[in-house]
Ligand code: F6P
């Protein structure tokens with residue numbers, strides 16, 4: 001059946017799970033993107049194309065919780081070349097300020113082209129005449145152009161969830177022109193921050209030679225492409241409601257008790273990724289204990305590291321490094337029943353995350369580079385009493401909006417130590433003042449507003465397609 005709205009993302013919004021009886025089933029994945037897109041999908045009877053993970057073949061389109069989902073299969077070679085290779089071994093580090101060294105392999109590029117083509121063909125086969133297609137993230141940057149070639153009638157939007165690098169870095173890519181041209185297949189290219197949109201427009205002017213004016217690119221065929229910022233957000237009301245719920249409040253108290261009721265709890269929650277600055281932040285914390293500025297009887301650091309991309313070499317190395325660091329810190333600085341760091345290598349449901357946010361006095365978010373960082377916003381959304389302190393890297397997109405956090409440069413260990421200490425010792429009046437202001441930002445600019453503004457801008461730009469209906473706000 002043709003659809004008026006097609007969402008194309010590397011991942012489906014559901015995870016494959018094994019049921020208690022041994023059969024396979026699907027579970028809505030906890031990611032924020034599902035929450036954002038779901039209402040727009042429902043309002044437009046849309047369909048979502050994506051990879052369910054793994055190499056299972058022959059998966060049929062299916063309905064889950066009222067959503068139409070189309071699984072894309074991947075072979076082991078696709079996973080190695082397209083996903084682990086070009087997406088996460090080349091683009092990911094390149095787009096994150098070279099925090100790790102990107103690798104350039106021609107076979108990875110070929111695989112990226114091949115998989116993007118398959119996604120584009122699938123989208124082309126599902127979209128109704130004049131439909132809207134919304135393509136997501138760095139794994140699928142060639143899809144807009146491929147799709148436009150197959151289906152010139154479509155209205156195409158693209159949103160990049162991660163940073164878009166400055167020209168000086170991007171131009172290292174041997175396939176820079178192809179990627180820019182891929183993105184220019186869209187009518188609207190959305191970024192997290194204004195600087196990213198400007199980087200893109202500048203590169204298009206320099207490398208592809210198209211005329212540009214502010215956020216517009218003029219193509220020789222008469223089409224215009226708009227490049228604009230749309231800072232993504234979270235379901236703020238949903239998180240607050242969860243944080244206020246009786247089971248979450250009780251669980252938060254249980255967590256603090258299990259930690260030995262320290263005076264203050266520091267918390268970090270990250271995908272286990274080298275961009276997140278986990279190592280540096282734990283070192284800063286440990287030095288504060290060594291220096292005698294913090295005491296393990298007073299404070300504990302809970303670090304949750306969500307397993308991620310475990311087949312990629314850099315991620316394995318990082319895991320080993322963090323394991324060793326935590327072991328060393330606890331061995332050197334912990335006391336019986338009082339480890340300095342409580343380290344959890346696992347993923348948790350949203351309710352448990354809300355309980356952790358509620359239990360934490362100081363949230364520590366210190367990426368070297370991050371598109372947005374939704375954890376920072378989730379913490380703020382959960383602090384309905386206007387208490388709690390946020391230490392936030394100035395290199396996270398969220399720092400543009402959450403100006404009242406204790407902003408830090410994660411490369412500056414001494415600066416980070418000072419900020420951790422200040423946040424730890426801050427007077428309640430000070431934390432309340434800051435938290436109130438941040439809560440205003442997060443509740444006013446939630447994920448529904450993000451999706452609605454992208455969709456409405458997409459309806460306005462270009463000459464293609466029919467407009468999609470905005471989602472009904474609940
Ligand atoms: O936002 C960046 C991103 O790569 C998403 O595209 C992705 O869904 C998420 O991080 C988790 O990464 P992965 O899909 O590689 O597990």
query: Only one residue in 302, 265 is away from the ligand (no atom under 16 Å from the Cβ), touching a residue at least 40 places away in the same chain (Cβ under 8 Å) and over 16 Å from residue 329 (Cβ atoms), so which one is that?
result: 265
message: I'd like the residue in segment 1-21 that is out of contact with any strand residue (DSSP E or B) (no Cβ under 8 Å at 6 or more places or on another chain) and modelled with pLDDT under 85 and, out of all such residues, is surrounded by the most Cβ atoms within 10 Å (Cβ to Cβ).
response: 1
- prompt: Looking at segment 6-28, is at least one residue within 20 Å of residue 121 (Cα to Cα) and either over 23 Å from the mean Cα position of the chain (by Cα) or more than 16 Å from the ligand (Cβ to nearest atom) (or both)?
  reply: yes
message: Just to be sure before I move on: is residue 276 within 16 Å of the ligand (Cβ to nearest atom) and closer than 24 Å to residue 424 by Cα in the structure I sent?
response: yes
query: Do any helices (runs of 4 or more DSSP H) lying entirely in segment 305-424 carry at least 2 residues that are more than 16 Å from the ligand (Cβ to nearest atom) and under 30 Å from residue 89 (Cα atoms), and which ones are they?
result: 313-333
query: So which residues in segment 186-195 are crowded, with 24+ Cβ neighbours inside 10 Å and without any contact (Cβ under 8 Å) to a residue 60 or more places away in the chain?
result: 186, 189, 191
- request: Quickly run through segment 242-297 and pick out the residues that are surrounded by fewer than 22 Cβ atoms within 10 Å (Cβ to Cβ), on the phi > 0 side of the Ramachandran plot and in contact with a strand residue (DSSP E or B) (Cβ under 7 Å, 6 or more places away or on another chain).
  value: 260
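The values are calculated or read from the model by the stated rules, or taken from the named source; none is laboratory data. As the structure is a prediction and not an experimental result, all values here were calculated from the model. A quick note on method: Cβ atoms are made from the backbone with ideal geometry, for glycine too, and the neighbour counts reach across all protein chains shown.
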